1. Can you work out which of the residues in region 68-121 that are part of a loop (DSSP other than H, G, I, E, B) and within 14 Å of SER132 (Cα to Cα) is farthest from the chain's Cα centre (by Cα)?
2. Any residue in region 85-101 that's under 12 Å from PRO119 (Cα atoms): show its pairings with residues that are of a type in the set (Ser, Thr, Tyr) and part of a helix (DSSP H, G or I) at Cβ separation under 9 Å, as long as the two are six or more apart or on different chains.
3. Output the residue which, of all residues in region 31-67 that are in a helix (DSSP H, G or I) and more than 21 Å from ILE114 (Cα to Cα), is modelled with the highest pLDDT.
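The values are calculated or read from the model by the stated rules, or taken from the named source; none is laboratory data. Keep in mind it's a predicted model, so treat the numbers as computed, not measured. Note that we place each Cβ from the backbone using ideal geometry, even for glycine, and neighbour counts take in every protein chain shown.
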Amino acid sequence: MVSGGRMRIAARTLILVVGLLAATSGCTSHRTAPAPPATSAHPSAAALPAAQAANLQTRLASTDPTIVGTVLAPGLAKQYAAHPFAMLPPGSRVQLDAAGMFVSGGLATVPARIEGSDPGSWLLLLTNVNGSWLVYGTVKQ
């Protein structure tokens, strides 16, 4: 169960990310996209099927950059392919908390716990591309 405080933080993070994406999308006008109302972000574990969660967990922990690149959003995957690096220390495991996922349109956040030699808690920023959730950013918790 996600506490109300964590829910508000995730919703605010999602709204901030949507605003940043709008601001950095290459638009040449000075108009800003209106932020979605806070009520549009909602917990939705069903939005991240178990197979996709397992795929994200396995591929993000891979030491092979070509495998990691398959779960990154297209723009990020292209940048990553040009300058690949190990995302996590060898032997690390990623554990997603699908029940803590928040969805707003085609964007989502999902808490992740990294286990291994450099453990920590992260919030994965996801975008839905053709029915698959792909990582476009992370936030250290």
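1. GLY105
2. Partner pairs satisfying both residue conditions: VAL94/THR58.
3. It comes out as ALA47.
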